[in-house]
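Take a look at the structure set out below.
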Amino acid sequence: MEDLKNEAPFCITSELINAFNGALAEEIEYLRNEGGRPLVVLDGVLVCRDQQGFLYAFDLEVDAFLPDGTPLRLRCGSRETGGEVVTVRGSELTLALHEDMGELIERAEVFCEPWFLLTALQERLSEAPEKNLQMALAVLEKIPERRRRYVSPSNAAGAQEEALRLAGERKITFIWGPPGTGKTETLARIAKLFYEQGGRVLILSHANVAVDGAVLRAAARIGAPFSSGVVTRYGWARLPQLRQSGLLASSLAAAGFPEIWKSLRELENERGELLAGLRAGGVRRERLTEVERTLRTLRENLKEAAARVCREARVVGCTLSTAAVDPVIYKDRYDFVLLDEASMAYIPQVFFAASLAGSKLVVSGDFRQLAPIALAGTPGVEQWLKRDIFEEAGITASFEKGQASDIAVLRLQRRMHPAIAGFANDFVYGGLLYNAPETSERAALAAAGPCPGSALTLVDLSDLPAFCYQHGSSRLNPLSAFLALILAAQIRQGGLTVGLLTPYAAQARLLNALTAGLLSSDSVRSEASGLVAATVHRFQGAEQDAVVLDLVDSFSQRGPGGLLSRREGSAGLRLINVAVTRARGKLFVLACRDFLESRLPGDSAVCGLFRFIRENGRVIGGRELLAALPGCVTGNKIEMKWHAERRTALEAWEADIRLASSVQIDWPAPAGPPERQVVKALRQAQERGARLSLRVGRPLVWPPELQPYTVRYTAVRTPMTAVNRDIFWYGNPWPEDGRVDHFSIRMTGEKACRTLLYLLEMDLRGGFGGKRYAGLKAYIENQLTCSRCGAPLTIRAGTGGGYFLGCTAYPRCDSPAARLTLEIIEGYLAADGLTCPANHLLKVVPSKHGPLAVCSHSPACRCIYQVRDLL
C-alpha cells in the first residue's frame, strides 16, 4: 500500500483496484478448481418451459441455504447444463436451467458457483472512480497513534458519547468495540444523528444477523412508525424480531399490495399440491405451468415494489454482498455509510462500501474477533483478502505494541456474566474491559439448570466414545452433536434461549437437522423458537442467554482441525473469543479434553479456556452430564433415547431389525466378529428380503454368507446402524468381547437420519440395489483378487474424479492400479440383477464422465446411474 501511495493519484487508483481485482481473481480461480461437494437433488419435475429457460422443482436430500440467483451447474448422468437458483423453500429447490433435461429427473447433482459474489465485487470496484473515490482511498490510510492512557470505569461509561462526537466531526470514524460493549447501539445512535441532519443512511455488514440488529436498533432510536418506510431492511433477514416488525422492504411492499400478497400465498399452496400430484402421476402439467407463470409475475411485482420502498427510505440496511450484487443498492446515493462487523469484511469490500458514502463513513468492529475468510494461499489473497481493515489502517499494530490509535474505543461490556467476560478480558483483551453494573443481573441466568449456579461449564467427553469423522474438508462428531442437542433442549425448558455453536460446517449442518426435528423446520429457520444452531462464523453479531459450544475434534483424527489450531492471524484465538462471548449467562463447552490438551500447545486459546473454566467454573464428565439429564428427548420429528445397559439396547436393536426393509451397519475392526444374536438378526432380515449394506474394518471375520454384503472400510470407529433411513443407532450393536464402549443412542427421524447418513458417507440410495451384494464395491471385494498377493481388490476414487481398482493390502502390496472396465460393471449388474424403479434391467454404456448404468429401455426410460451410485 505504501508503494502505491508514492505514485500519482491516477496510478494509485488504477494499481490499487487492479491489485484488489487480482486477489479476487485468484480466490475465484481457487474456488473454481476446488469445486466442492455437490448437492444431491431428487424427484425433479419440469414445471414449465419458456423464453427464460426450463423451470424445475427438486427435493433437497439435505438442507441447504442458497441465495436466489446463485449460478450453478446441474449434472444428470452424462448430461450437464447451467442454470441458477430461483428459490429455496424448506427442502424444495426451484432451478431455472438452460437446457431441457426431461420431464422427470430422478436424481441429479448440483454444483453451486458462489464466486459470482466476488465477480460482482470486481465489477463494483471497477466502477469506484465514478463514486466517492476520495473516501474509498482515505479509509485505507494509516490512523495516527497516541499514547495509551488509563481510562477509569466512569470514563469508560461515556465511550459511546465520545464515538457519537467523533462521528459528527470526522469524515471517517473508526470504532473498536469488543463483545458486549454496545457497538450496535452506538451505530444506531449515529444513524439517528445522521438522520436528523437530513441525509440518507446506508447500514452495511458482512453478516445478515448484524444488519438485522443494527436496523432494529436504528428504527427504535429514530422513533418513526415502522410502517412508514423511513427505515427499512433490504434483502433476506435472519432475526425473527425483524421479520415480524414490518421493517423488511418486502413486508412493506406486501402491505402496500395486500391483494397481490394474498394471491401469492394461495398460489404457492396450490403449487405445492400440484407438484405432489405431478410426481404421483395424477395431475396434468398445464395448470402447474399456468400457476408458475402467475407466481413469477406476482413475485416480480412485489420485488419492484420492494425496490421502490428501498429507494424512498431514509435509512436502509443490507449485507455487503447484496450491496455489490443488487443495483437497487449500488446505483442509489447515500450521504452516510455505517459499516458494522468490519473485521469480517475483505479490504476490497470496505473500499467499495466507502465509495458509496457521499459525506461520512463510520467503520465499526473488533479486530480480536473473526477475520475475513479466504482460501487461496497466493500473496495477493494474503495481503488483501485475509487481513482486515483494522490491520490495513495500522490500528491492530498500534494496540499490540502498547500504543493507541486515534479512534473511539468502547470498554464497558453490558452483555455477559462477569465470569464469561473474565475469559475474554484476561486472555484476549488484556484487561481492557470493565463490567457494567447491570451484568450482575446475569447471575439469574447462571442459576438455571443444568449445572445451576455455574456460568462456565466444561463437559469433558473423554469418558464417552465421541469419535470425530471427516467430511470433505470439514468435520463432524455424531455423539457430541446428540449430547449438545439434549443439553440445549434441557436448557430451553428452563426458559433460556440457546445457541448451538460449532467451528465446523458439517457439524452445524447436523445440528441444524437435529434442531429441525426437535422443533420444526419453519421455526428453526425463523429462529423464533429460542434454539439456534450455526457455525461460530455465522453467529458473530448475535447473542443468546446460553451457548453450547461443541468443539467436535476428537479421536480418531490425528490432530485438531485448522480452525482451532491455526496461529496465523490469531485465527484460533479469534474464533474462541467469538464463541464464548455470544453467551449472556451460561456457557457449556463440549470437548474431548484428553485429545485436545495432548495435541494443542499449552498457550493455545482452547487450552487457555479449559484452564479458565477449571479455575472459575465447573468441569464434569460426559457420563455425569447424562446422569443428570432425562433418558429420552422427544420432538416434533425426532426422538432420542440413550442406553448404558447392553442387554436392553441389543433387544431394542433386534426389534428394529425385524421390521427393516434396509439395514446399513458400520462395524470397526477392533470389534472382532459379530456375536451370534447380531448374525442371526441380519440373516433373518436378509431372508425377508431386506437390503443389507455392511461397512466393516475386517470383512473376513464376518460369516461367509454375510460377506457379499460387506465393504472394507477402515475409518469405522464405533458400531453404527441405520434402519430404513429413519432410525439410527450410534454405538449399537455392541461387540460381545467389550472392546467397544457399552454406550449407545437410538435416534428416529427421517430428516436427521438422512443428514447423518450423508455426512458419514453411508449409503443413501434407499431402495436402489440388488439382493446378492451390498453394491459394486462389495462385488469387487468378494469376486476379484490381486494378481500379485492374492488379497481382495477394491474400488477407489481417483484424483481426477474417476475410479480404479487397487489392492486392499496396499501399501504392503505395490501392485499397480487396474482399470475399472465395463465388463466388471456388467458382471456386477448381471450378478445382482439390478433394475431401475420401473423394474427394467440396467446396462452399461461409456461416457466422457466414465461408465454409466442406464435403463435397458433407454431413451424411453431416462434412469441413469454413475459409478458412485452403484458403490
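Before moving on, here are some points about what is shown:
- Among the residues of the stretch 135-165, those identified as part of a helix (DSSP H, G or I) and open to solvent by less than 80 Å² (accessible area, probe 1.4 Å) are MET135, ALA136, LEU137, ALA138, PRO153, ALA156, ALA159, GLN160, GLU162, ALA163, LEU164.
- Looking only at the stretch 621-645, residues that are surrounded by 19 or more Cβ atoms within 10 Å (Cβ to Cβ) and under 28 Å from the mean Cα position of the chain (by Cα) come to 7 in all.
- Residue in the stretch 274-293 that is outside any helix (DSSP H, G or I), of a type outside the set (Asp, Glu) and touching a strand residue (DSSP E or B) at 6+ places or on another chain (Cβ under 7 Å) present: no
- Qualifying residue in the stretch 333-341 (condition: assigned to a loop (DSSP other than H, G, I, E, B) and charged (D, E, K, R)): yes
- Lone qualifier among GLU123, GLU109 - being out of contact with any Gly (no Cβ under 7 Å at 6 or more places or on another chain) and not in a strand (DSSP E or B): GLU123
- Here PHE595 passes the criteria (1) among the aromatic types (Phe, Trp, Tyr); (2) out of contact with any helix residue (DSSP H, G or I) (no Cβ under 7 Å at 6 or more places or on another chain); (3) open to solvent by 20 Å² or more (accessible area, probe 1.4 Å) except the one numbered (3).
- Selection within the stretch 297-318 - assigned to a strand (DSSP E or B) and open to solvent by 10 Å² or more (accessible area, probe 1.4 Å): none
- Scanning the stretch 379-412 for residues that are surrounded by fewer than 22 Cβ atoms within 10 Å (Cβ to Cβ) and without any contact (Cβ under 8 Å) to a residue 60 or more places away in the chain yields a total of 7.
- Taken as a whole, the stretch 608-620 holds no residue that is under 25 Å from the mean Cα position of the chain (by Cα) and open to solvent by 50 Å² or more (accessible area, probe 1.4 Å).
- Given (1) surrounded by 23 or more Cβ atoms within 10 Å (Cβ to Cβ); (2) of a type in the set (A, V, I, L, M, F, W, C); (3) assigned to a helix (DSSP H, G or I); (4) at pLDDT below 95, number of the condition ALA466 does not satisfy: (3)
- Residues of the stretch 166-206 that are of a type in the set (Phe, Trp, Tyr) and either outside any helix (DSSP H, G or I) or in contact with a Pro (Cβ under 8 Å, 6 or more places away or on another chain) (or both): PHE174, TRP176.
- Unmet requirement for ALA448, which otherwise passes all of (1) outside any strand (DSSP E or B); (2) open to solvent by 30 Å² or more (accessible area, probe 1.4 Å): (2)
- Residue ID - modelled with the highest pLDDT, chosen from residues in the stretch 81-106 that are outside any loop (DSSP other than H, G, I, E, B) and more than 29 Å from ASP326 (Cβ to Cβ): ILE105
- Boolean, ARG415 is within 24 Å of LEU370 (Cβ to Cβ), surrounded by 14 or more Cβ atoms within 10 Å (Cβ to Cβ), among the charged types (D, E, K, R) and over 29 Å from the mean Cα position of the chain (by Cα): no
- Within the stretch 646-667, the set of residues being within 35 Å of the chain's Cα centre (by Cα) and over 25 Å from PRO699 (Cβ atoms) comprises ALA652, LEU659.
- The residues listed here are ARG676, ARG647, ARG599, ARG611; of these, the one that is more than 24 Å from SER480 (Cα to Cα) and either free of Cβ contacts under 8 Å to residues at least 24 places away in the same chain or of a type outside the set (Asp, Glu) (or both) is ARG676.
- Qualifying position, being on the phi > 0 side of the Ramachandran plot, within 19 Å of the chain's Cα centre (by Cα) and either surrounded by fewer than 21 Cβ atoms within 10 Å (Cβ to Cβ) or outside any strand (DSSP E or B) (or both), among GLY495, GLY541: GLY541
- Of the residues making up the stretch 642-659, those that are at pLDDT 90 or above and either in contact with a helix residue (DSSP H, G or I) (Cβ under 6 Å, 6 or more places away or on another chain) or in the same structural domain as LEU479 (by the TED database) (or both) number 2.
- Here THR184 meets each of (1) out of contact with any strand residue (DSSP E or B) (no Cβ under 9 Å at 6 or more places or on another chain); (2) open to solvent by less than 40 Å² (accessible area, probe 1.4 Å) with one exception, condition (1).
- Out of ALA436, ALA443, ALA488, one residue alone is under 20 Å from GLU624 (Cβ atoms) and assigned by the TED database to the domain that holds LEU531. It is ALA488.
- Figure legend. Inter-residue proximity from the stretch 739-754: first residues of a type in the set (Gly, Ala, Ser) and surrounded by 22 or more Cβ atoms within 10 Å (Cβ to Cβ), second residues part of a strand (DSSP E or B) and modelled with pLDDT of 90 or more, beta-carbon distance below 8 Å, spacing 6+ or different chains. Indicated pairs: SER744/TRP729; SER744/TYR730; GLY749/GLU639; ALA752/PHE728.
- Pairs where the first residue, in the stretch 696-707, is assigned to a helix (DSSP H, G or I) and the second is basic (Lys, Arg) and open to solvent by 10 Å² or more (accessible area, probe 1.4 Å), C-beta under 8 Å, 6+ apart: PRO699/ARG712
- The residue pairs whose first member lies in the stretch 301-321 and is touching a residue at least 12 places away in the same chain (Cβ under 8 Å), whose second member is open to solvent by 20 Å² or more (accessible area, probe 1.4 Å) and among the basic types (Lys, Arg), and whose beta carbons are closer than 6 Å, counting only pairs six or more residues apart or on different chains, are ARG314/ARG200.
Yes or no, residue by residue, for (1) within 29 Å of ALA224 (Cα to Cα); (2) surrounded by 15 or more Cβ atoms within 10 Å (Cβ to Cβ); (3) outside the structural domain of CYS48 (by the TED database):
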{"site": "PRO240", "(1), (2), (3)": "yes, yes, yes"}
{"site": "PRO258", "(1), (2), (3)": "yes, no, yes"}
{"site": "LEU267", "(1), (2), (3)": "no, yes, yes"}
{"site": "GLU273", "(1), (2), (3)": "no, no, yes"}
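The values are calculated or read from the model by the stated rules, or taken from the named source; none is laboratory data. All values derive from a computational prediction rather than experimental measurement. Neighbour counts are summed over all protein chains in view; Cβ atoms, including those assigned to glycine, are modelled from backbone coordinates with ideal geometry. Ligands, DNA and RNA are excluded from the accessible area calculation, which covers all protein heavy atoms including side chains. Shrake-Rupley method; radii C 1.70, N 1.55, O 1.52, S 1.80 Å.
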